[in-house]
Amino acid sequence: MDVWQWTPLITLIALAGLKRVPQDQLEANMVDGASSFRNFFAIILPNLYPVLLIAVLLRFMDNFRFIDAILVLTGGGPADSTKILPVYLFEVSFRFFRLGRGAAIALTLLVVTIILGMILVRAFEGPKAKKGA
């Protein structure tokens, strides 16, 4: 269900990134005799790094708040098989009314999301940024 819901957005983001690839660089690389694979790895992919980073970060952060579909479809699943951290947070906070514990879980989830987001930004850092450092 999540794939059907979010694939069009990611596709549009990737298409927008492909539109910003400079055509003159592609043509110059083709004149030099580069293959399609070489064009992809030397020109297209480095220009797509910022766009791919935005798309991955959007999906990553969205998955941490993915609760509505799980609650509607499985309610936590048979024997808690689909109980993820946001579902547990919801249960602790609003079903058992342990708001202090729920706030602690939410803060921990926020810190983990920030740290993993920073790791993703470093992993998707473009080759231009790595060469300059």
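General remarks:
- Rounded to the nearest 20, the size of the Cβ-charge dipole of the chain about its Cα centre is 360 debye, with Lys and Arg at +1 and Asp and Glu at -1.
- At least 18 Å along the helix axis (C-alpha) and Kyte average at least 0.0, DSSP helices within the chain: 2-19, 45-63, 99-123
- Distance histogram for the stretch 1-67 (every C-alpha pair counted, 10 angstrom bins, percent rounded to whole numbers): 19, 40, 25, 13, 3, 0
- From its DSSP helices (H runs of at least four residues, each -39,500 (n - 2.57)), the chain gives a residue-normalised ellipticity at 222 nm of -21500 deg cm²/dmol.
- Note on the stretch 2-132: dipole from Cβ charges, positive end direction compared against Leu45, Val56, Gln23; the farthest Cα belongs to Val56.
- Computed from the Kirkwood radius of its Cα pairs, the Stokes-Einstein diffusion coefficient for the chain at 4 °C and 1.567 mPa s stands at 72 µm²/s.
Taken together, the values in this text are just the output of simple stated rules run on the coordinates, not laboratory data. Quick caveat: nothing in here was measured; it's all calculated off a predicted structure. Cβ sites come from the backbone with ideal geometry, for glycine too, and all protein chains shown count toward neighbours.
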